[in-house]
1. Given Ala252, Ala212, which one is assigned to a helix (DSSP H, G or I), under 24 Å from Phe118 (Cα atoms) and of a type in the set (A, V, I, L, M)?
2. Under 8 Å by Cβ, and 6 or more places apart or on different chains, what pairs join a residue from region 66-93 that is touching a residue at least 60 places away in the same chain (Cβ under 8 Å) and within 18 Å of Val44 (Cβ to Cβ) with one that is of a type in the set (D, E, K, R) and crowded, with 24+ Cβ neighbours inside 10 Å?
3. Out of the residues in region 207-240 that are among the hydroxyl-bearing types (Ser, Thr, Tyr) and over 13 Å from the mean Cα position of the chain (by Cα), state the one that is nearest to Gly122 (Cα to Cα).
4. I need every pair where a residue in region 136-150 that is in contact (Cβ under 8 Å) with a residue 24 or more places away in the chain and more than 14 Å from Leu4 (Cα to Cα) has its Cβ under 9 Å from the Cβ of a residue that is part of a helix (DSSP H, G or I) and aromatic (Phe, Trp, Tyr), sequence separation at least 6 or different chains.
5. Could you tell me whether region 14-22 includes any residue that is modelled with pLDDT of 95 or more, surrounded by fewer than 24 Cβ atoms within 10 Å (Cβ to Cβ) and part of a helix (DSSP H, G or I)?
6. Within the set of pairs 6+ apart or on separate chains, which have a first residue in region 25-37 that is closer than 17 Å to Leu191 by Cβ, a second that is among the hydroxyl-bearing types (Ser, Thr, Tyr), and C-beta atoms under 8 Å apart?
7. Under 7 Å between Cβ atoms, at least 6 apart or on separate chains: pull out the pairs that start in region 270-285 with a residue that is without any contact (Cβ under 8 Å) to a residue 60 or more places away in the chain and end on any residue that is hydrophobic (A, V, I, L, M, F, W, C) and part of a loop (DSSP other than H, G, I, E, B).
8. From the set of residues in region 158-170 that are crowded, with 18+ Cβ neighbours inside 10 Å and in contact (Cβ under 8 Å) with a residue 40 or more places away in the chain, which is farthest from Val251 (Cα to Cα)?
Amino acid sequence: MITLLSTWTFGLALGFVALGVFVSYKLFSFPDITTDGSFTLGAVVTAVLLTAGWDPVIATAGGMVAGAAAGTTTGVLHAVLGVEPLLAGILVTTALASVNLVVLGRSNVPLTGMPSVFDRAGSTLGPAVAALTGCDAATADEAARMLFTLGCLAIACGVLYLFFRTSLGTAMRAGGDTRSMARALGRNTGLLTVAGLAIANALTALAGGLVAQYQRFTDVQMGIGMVVWGMASVFLGGALVGPARLGGALVAAAAGSVAFRLLVATALRAGLHPDWLRAATAVVVLAALVGPRLLSGVRTRQGSAVR
């Protein structure tokens, strides 16, 4: 039971990566490679602040601010200096590889014994969960951590939904879909892109800070492949839910992260060698991309045959 709850908690924490990728890729049509670097940056800054004695909530917020700065840098390279989106993300991620190592001071830092937001969630919600379910203390603590992460992810989805329904948020979405439309509304599309990437990478950095606290370990290589994870979650969620409006799409992206984590855990328990995990991830992304199109084509041909 604890293993299943842990899988859910980890998938929910990585759901913030999915939300970040959804904002940058789906809303702004910006393939942002900065995701890999900002995930690690959020974890690194959070770890450094925790070891310096900062409050876990403030440390996590500090990681988010650092991630927002990374996204802003990518946006400025693209919107102001005219660098192509992919190249801008690659440049910032490459630079962050050095920044993360310098800030952390060494390649990895254990956080064993450091306070975390999950410790607070366990001490606050754990007794109530144990009283309601009758489970043992360890299971109740893990359930409390999962509920805390779920609550944070739900709040993030709600805030994003409300923000992107405002006039500014609508202009940002319009700028991502049709830049000429945003300009017609009197909006600076460059600034909108910068703001969107700042939001996306702040969410990704939040995921990094949460994962670092959950696994009580920070490594400068931990962000490798996060952009693929985010893409896989977004496309898998979209394949599971189907066409949806903004609110449903946000929930689908978050749910896709949990579903993808469950698939990974199931594959590993079934005997998949960890060396093949990234290849399996690529297959899942491909299936999520191509599967709905193939099913749609089959349904179209069947409908034509009936007529």
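1. Details: Ala252 fails: under 24 Å from Phe118 (Cα atoms).
One residue alone meets the criteria, Ala212.
2. If the second residue must be of a type in the set (D, E, K, R) and crowded, with 24+ Cβ neighbours inside 10 Å, the pairs left are Gly71/Asp32; Thr74/Asp32; Thr93/Asp36.
3. So the first thing to find is which residues in region 207-240 are among the hydroxyl-bearing types (Ser, Thr, Tyr), and the list is 214, 218, 233.
Going one step further and asking which of them are over 13 Å from the mean Cα position of the chain (by Cα), we end up with 214, 218.
Working: Tyr214: 12, Thr218: 21 Å.
Checking each candidate, the answer is Tyr214.
4. Every condition considered, the pairs that remain are Phe148/Phe118; Thr149/Trp8; Thr149/Phe10; Thr149/Phe118; Thr149/Tyr214; Leu150/Trp8.
5. no
6. Correct list of pairs: Phe28/Thr193; Phe30/Ser24; Phe30/Thr193; Asp32/Ser24; Asp32/Tyr25; Asp32/Thr74.
7. Ala280/Leu272
8. Phe164
The values are calculated or read from the model by the stated rules, or taken from the named source; none is laboratory data. Values in this document were obtained by computation on a predicted structure and should not be read as measured data. Here Cβ is always computed from backbone atoms with ideal geometry, including for glycine, and neighbour counts include all displayed protein chains.
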